[in-house]
Amino acid sequence: TYTVPISAANQQINAQLDTGSGDLWLANQDCDTDSCRGHQGLTVVKFSDRADSVVDQDTPFNISYLLGSASGRVKTASMLFGDPVSSRLIINSQAFGSCDQVANEDMDSGNFTGIIGVGPPANSLIQADLNATSNTAWLNVGVRPPDTGAVLAGFWYNARPGRRFMGIGLQRLEEDGGTGDSVLTIGNHD
């Protein structure tokens, strides 16, 4: 499991990196499904979506994977992606699924709260739903629904055309001879 640290609404969480989807979702404090419960002494960190800085978009969210699913409501919040001390990758009013139903996700052993999809923006279910249904996007200063859905589009929002790329360097597990950390870069080479 490869995770990305995220800071949102004064909370530090991790999201599992997924290159096949274009959406971000987080298990919220109301999630009580089996995936949201810790097992064998492990715990699941849940995101509290009740902060004033988290805006409900009045839009349902539902995503299914080959194995696993998550559902809840679309919300927006400003988020910092990466190390909270050194990262400058901030997306204002990033849309995400705040999920109270999560199935078949090993969030406790993987130490993650949700999934961050860095796939093509055309894969964003949230973006499609926001385009069709959001009537509260105006609450996010200067943000229209098309600017908030896909995470990758948010990463590239103010980037020069030559800087609209990302890189993923995955390190082997220590027991397989790996040393160092895995790296996700946006608009720069590692």
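The values are calculated or read from the model by the stated rules, or taken from the named source; none is laboratory data. Just so it is clear, the structure is predicted and the values come from calculations on it, not from any experiment. Glycine gets a Cβ as well: all are built from the backbone with ideal geometry, and neighbour counts include every protein chain shown. What goes into the accessible areas is simple: the full protein's heavy atoms, side chains included, and nothing from ligands, DNA or RNA. Shrake-Rupley method; radii C 1.70, N 1.55, O 1.52, S 1.80 Å.
Rounded to two decimals, what is Rg over Rh for the chain when you use alpha-carbon atoms and the Kirkwood radius?
A ratio of 0.95.
In a GNM of the chain with a 10 Å cut-off on Cα contacts, which of GLY154, GLY22, GLY167 has the highest mean-square fluctuation?
GLY167
Report the net charge of residues surrounding GLY97, where surrounding means a beta-carbon distance below 9 angstrom and charges are Lys +1, Arg +1, Asp -1, Glu -1.
The answer is +1.
Could you list which residues have their amide H under 5 Å from that of GLN101, counting only those 5 or more apart in sequence or on another chain, with H placed in the peptide plane?
Those qualifying (amide H under 5 Å, at least 5 residues apart or on another chain) are SER71.
Taking a virtual spin label 7 Å from the Cα of ALA103 along the C-beta vector, which residues in the stretch 46-73 bring their backbone nitrogen under 18 Å of it?
It comes to 61-73, nothing else.
How much of the accessible area of the chain, in percent, comes from carbon and sulfur atoms when a 1.4 Å probe is used?
Summing carbon and sulfur atoms, their accessible area is 48 percent of the total for the chain.
For every helix of n ≥ 4 consecutive DSSP H residues, a contribution of -39,500 (n - 2.57) applies; sum these over the chain, divide by its total residues, and give [θ] at 222 nm rounded to the nearest 500 deg cm²/dmol. Could you put the intermediate results ahead of the total?
Details: 3 runs with 18 residues, N = 190.
About -2000 deg cm²/dmol.
How many angstrom lie between the Cα centre of the stretch 56-76 and the Cα centre of the stretch 4-46?
Cα centroid of the stretch 56-76 versus Cα centroid of the stretch 4-46: 13 Å apart.
If Lys and Arg each add +1 and Asp and Glu each add -1, what is the summed charge of the other residues whose beta carbon sits under 13 Å from the beta carbon of ALA8?
+1
So what's the net charge close to ARG50: Lys and Arg +1, Asp and Glu -1, counting the other residues with Cβ under 11 Å from its Cβ?
Working: positive: LYS75; negative: ASP30, ASP49, ASP52, ASP56.
Its environment carries a net charge of -3.
Just to confirm my understanding: which cysteines in the chain have no other cysteine beta carbon less than 4.7 Å from their beta carbon?
CYS99
Counting only trypsin sites (Lys or Arg not before Pro) that are in a DSSP loop and have at most 15 other C-beta atoms within 10 Å, tell me the longest site-free stretch of the chain.
Result for the longest clean stretch: 89-163.
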